[in-house]
Each structure stands twice: as structure tokens, then as C-alpha cells.
């Protein structure tokens, strides 16, 4: 409730100075139409809770509109400020390079519009809580958990350490992490954990279940057929993530 009061106060303050704020959500995009539709539905649900903003969604790849076209649509509606919300978990290449490039293009086209970018969602307490909720159902079946993350050369390792520590506190069991891309990699990390346990729970830290998660479920089963692995669901664009978005919006609206 305290967060809501502060958030609403920030909105009202902007209203008093006649600022029309638009939120530009930027998602990765998928070749699977149902995944893109899930993102649209998620944004629509958030929009319904926040009619005080104008809203638009753009995709980085594999779907339309792209962020520039989505930004154009917001500005055509008369916004004076655009807050860019990356619907991404971590501040890797997309959040650090691709999204700022789209913002620079929009800023050049609309020099009188104020553009700001929020943080990504992965380190927010609300997002971590969703992952903990996913794991809670399998607590009795496993001895330790492994947070399974996409990864890249620019993933923030200190942030991963904080996230796994918070999950361990919530679950009361050890939690480590592994990547598809980057170190430690999933297979080698699971093999390491096997030395001390035969019951591992894997938490896919992805916005929704998809091709990559299914691929690695099959890969582990083929490589380590005797190992008992319990896979939880991913974050599944849970509406509890709205709190993470609100927290990030509040942070940039203070500045």
C-alpha cells in the first residue's frame, strides 16, 4: 500500500504540471504468435489498472510493431514524456544497447519529448517472489534448487548472487544458478550438484515457458537419465510482476 501511495502521488504531481505520460513496453518478441499474444494480454491487463497513462507495446524482433513504430503511436496521441519499460529480466545486450538505440532514434525524431528507461524486472523483489512461489510446491521433493537463466557475456553476476541468496532465504534450501550462455553452464552445474544431492529442483527464470526451456529439459533427461530433476514453471508473465513494473516506474518518475 505504501508503494501504491507513493506511486500515485508521483502520477498526481505530473498531472498538476499537465504532463501526459506514455509507457512504451519493449518485449523481445517470438516467432510463436501465442507468445506475443501473451505479452499483449499482460500489457492490456496492466493498462486496465493504470488508465492514467497511455500505453504502447513494441517488439525487438520477430513481431510487430517495432519499438520505433510503437513510440510513434504514443507520441501521435500527444504524450509529453515517454517511459520505456523493458519487459526483460536482465540488463544484458537488449537493455544496454538495442533499446537505447531505439530511444535515440525516437529522441532524434522528437527532440521536445522526454524519454526515460526503467530498470529490467529480474532483480525486483516481486519477481523473485514469483519464482519462490513456483518453487514452493516442489520443496518437499528436492534438496536444493538451481535457477536456470538465459545468460550472455554481459549478464550481471553480482545481481545473480543476490537473487539466489534471496530465493534461498525464502525457500529454506540452497539455491545456485546456471546459464545457457555464460558460466556456469547448466549441464556442468547440474553435474557438480550431483556430487552432493540426487534431488534437484530447477527454476526456469524466464518470462514464460518456451522452446529453450523445453529443449534443455529434454537435453538433461537424455544426458542424465537417472537423476531426479523437478522442473518448476517459469514466471509465466504472472500479474504479480505488475508490482515490479510499478516499482521501476516509481523510481524513474522520482528523477
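Here, each number is a calculation from the coordinates, and none is a lab measurement. This structure is a prediction, so every number in the text was calculated from the model and none was measured. Cβ coordinates were reconstructed from backbone atoms using ideal geometry, including for glycine residues, and neighbour counts include every protein chain displayed.
Computing FRET efficiency as 1/(1 + (r/R0)^6) for residue 116 and residue 62, where r is the C-beta to C-beta distance and R0 is 25 Å, gives about 0.45.
Equivalent-ellipsoid semi-axes for the chain (Cα gyration tensor, √(5λ), whole Å, largest first): 36, 19, 15. Residues 254, 223 in ascending order of nearby Cβ atoms (within 10 Å, fewest first): 254, 223.
For residue 93 and residue 37, compute 0.36 nm times the residue count separating them, minus their Cα-Cα distance, and round to one decimal in nm. Walk me through the intermediate numbers first.
On the way: separation 56, 0.36 × 56 = 20.16 nm, distance 2.39 nm.
Extra length from residue 93 to residue 37 when fully extended: 17.8 nm.
With respect to the chain, whose longest principal axis is taken over its alpha-carbon atoms, helix 33-49 is tilted by about 60°. Take the Kirkwood radius over Cα pairs of segment 162-249, plug it into Stokes-Einstein at 20 °C and 1.002 mPa s, and you get 148 µm²/s for translational diffusion. For the pair residue 219 and residue 109 in one chain, pulling the backbone fully straight at 0.36 nm per residue adds 34.9 nm over the alpha carbon distance.
Taken along the Cα-to-beta-carbon direction at a fixed 7 Å, the label points for residue 52 and residue 188 span 4.9 nm. Note on the chain: GNM, Cα springs under 10 Å; of 95, 168, 119, the largest mean-square fluctuation is that of 168. Helix 125-136 axis versus longest C-alpha principal axis of the chain: approximately 30°, rounded to the nearest ten. Spin-label pair residue 161-residue 77: with each label point 7 Å from Cα along the Cα-Cβ axis, the two points sit 4.2 nm from one another.
Calculate the translational D of segment 92-236 in whole µm² s⁻¹ from Stokes-Einstein, where the hydrodynamic radius comes from the Kirkwood formula applied to all Cα pairs, the temperature is 25 °C and the viscosity 0.890 mPa s. The estimated diffusion coefficient comes to 149 µm²/s. Comparing mean-square fluctuations of 42, 90, 148 from a GNM of the chain with C-alpha springs under 10 Å, the top value falls on 42.
Calculate for the chain the 222 nm mean residue ellipticity that helices alone would give, adding -39,500 (n - 2.57) per DSSP H run of length 4 or more and normalising by residue count, nearest 500 deg cm²/dmol.
-14000 deg cm²/dmol
With the largest listed first and rounded to whole Å, the semi-axes of the equivalent ellipsoid of segment 30-94 from the Cα gyration tensor are 20, 15, 13. For the chain, the longest principal axis of the C-alpha atoms and the axis of helix 67-76 are separated by about 30°. Between residue 228 and residue 44, residue separation times 0.36 nm minus the direct Cα-Cα distance comes to 62.3 nm.
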